[in-house]
Amino acid sequence: MSAPEHIAAGETGYERVLRLTIPLRSARGRVVRLGPVLETILSAHAYPAPVKHLLAEALVVAALIGSLIKDDEGQLTMQAQTESGVVDLLVCDYRGGELRGYVRFDAERLAGLGANPSLYALFGRGYLAMTFDLATTGQRYQGIVPLEGGSLAEACQSYFAQSEQVPTLIRVGVRADGQGCVAGGLLVQHLAEGEEGRERLHVQLDHPEWDHIAALAGSIRHEELVDPDLSLEALVWRLFHEEDEVRVEAGGPLSRGCRCSVSHYEAVIARFPEADRLDMRDESGLIVVDCAFCSRLFEISA
């Protein structure tokens, strides 16, 4: 298989999703890389380094999984939560290429964990909920799995294995230095009878075709995921150039997508009884709403 020009060269940079399909292996995948958009989301709060790394990983995973949704207006919400963890809430969502995320944590307890705390040290015993809202059909479905493994990516692999019965491999890389934060990720899945419209005949994790693709995808290196000079097309070529056919298709751009606005909060507050709205007022007679995602205050008339 010779390298097509658009795979060997491709576009460099950030804020991209690349779709890939390997037909003869019944495999599909996504590759993403985040840069300035990631920086914008992280800058909403003064997150310490371990929390920045955690949220960066979560945003990449949300982009990878969210971009699998075929409904253009559909939304993925990924929420990790515990009752007594150092991090008691992490939430990210993806809709139409727009990403947002937020982490709530105990700063004092976090400081005692050191520079590179494990996933268990951050969350303790918790769970990961994946919620898909499909706008065109009005359907919502959710899967919940224990928050286990060495990373959020591993926990999401468990979600697909347990809730979707789809063998899945996810790899994420995060680099933070004096030039900012860069994060990239790769997701590949095995769909036993192909990607479109046919019943899955098996979900064996040790199927030879899946073992082959997982071995190739698993060879990806951290530095490749976070290198903006290496195009996503070239990255796919490095991994799968020996396959007979690899199809790549550019997905839409990725952007920060906090959907907060005065009109949105006015509509939400209007659903409360008048007595409750009056109780929400401050001394000046306004209801002040603090958006956790973008750290902005909105003053709403009661």
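The values are calculated or read from the model by the stated rules, or taken from the named source; none is laboratory data. Quantities reported herein were computed from a predicted structural model and do not represent experimental measurements. Glycine gets a Cβ as well: all are built from the backbone with ideal geometry, and neighbour counts include every protein chain shown.
Couple of notes before you dig in:
A quick yes/no check of all residues on (1) of a type outside the set (Val, Ile, Thr); (2) over 20 Å from residue 38 (Cβ atoms); (3) in contact (Cβ under 8 Å) with a residue 40 or more places away in the chain:
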{"site": "103", "(1), (2), (3)": "no, no, yes"}
{"site": "114", "(1), (2), (3)": "yes, yes, no"}
{"site": "118", "(1), (2), (3)": "yes, yes, no"}
{"site": "127", "(1), (2), (3)": "yes, yes, yes"}
{"site": "131", "(1), (2), (3)": "no, yes, yes"}
{"site": "140", "(1), (2), (3)": "yes, yes, no"}
{"site": "150", "(1), (2), (3)": "yes, yes, no"}
{"site": "154", "(1), (2), (3)": "yes, yes, no"}
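- Any hit, region 29-37, residues being surrounded by fewer than 18 Cβ atoms within 10 Å (Cβ to Cβ), farther than 14 Å from residue 156 by Cα and touching a residue at least 12 places away in the same chain (Cβ under 8 Å): yes
- Residue that is surrounded by the fewest Cβ atoms within 10 Å (Cβ to Cβ) [pool: residues in region 262-302 that are of a type in the set (Gly, Ala, Ser) and touching a residue at least 40 places away in the same chain (Cβ under 8 Å)]: 295
- Among residues of region 211-237 that are polar (S, T, N, Q), those with a Cβ under 8 angstrom from a residue that is part of a helix (DSSP H, G or I), sequence gap 6+ or separate chain, pair up as 219/239.
- Boolean, residue 108 is surrounded by fewer than 19 Cβ atoms within 10 Å (Cβ to Cβ), without any contact (Cβ under 8 Å) to a residue 12 or more places away in the chain and not in a strand (DSSP E or B): yes
- So residue 118, is it modelled with pLDDT under 95, more than 19 Å from residue 144 (Cα to Cα), hydroxyl-bearing (Ser, Thr, Tyr) and surrounded by 19 or more Cβ atoms within 10 Å (Cβ to Cβ): no
- Taken as a whole, the structure leaves residue 64 outside the set of residues that are farther than 22 Å from residue 170 by Cβ, hydrophobic (A, V, I, L, M, F, W, C) and part of a helix (DSSP H, G or I).
- Test: residue in region 82-96 that is farther than 26 Å from residue 14 by Cβ, in the same structural domain as residue 41 (by TED's automatic domain parsing) and assigned to a helix (DSSP H, G or I): no
- Residue in region 256-278 that is outside any loop (DSSP other than H, G, I, E, B), within 26 Å of residue 214 (Cα to Cα), touching a helix residue (DSSP H, G or I) at 6+ places or on another chain (Cβ under 8 Å) and at pLDDT 85 or above present: no
- Within region 141-167, considering residues that are polar (S, T, N, Q) and either outside any helix (DSSP H, G or I) or in contact with a Leu (Cβ under 9 Å, 6 or more places away or on another chain) (or both), the one nearest to residue 90 (Cα to Cα): 151
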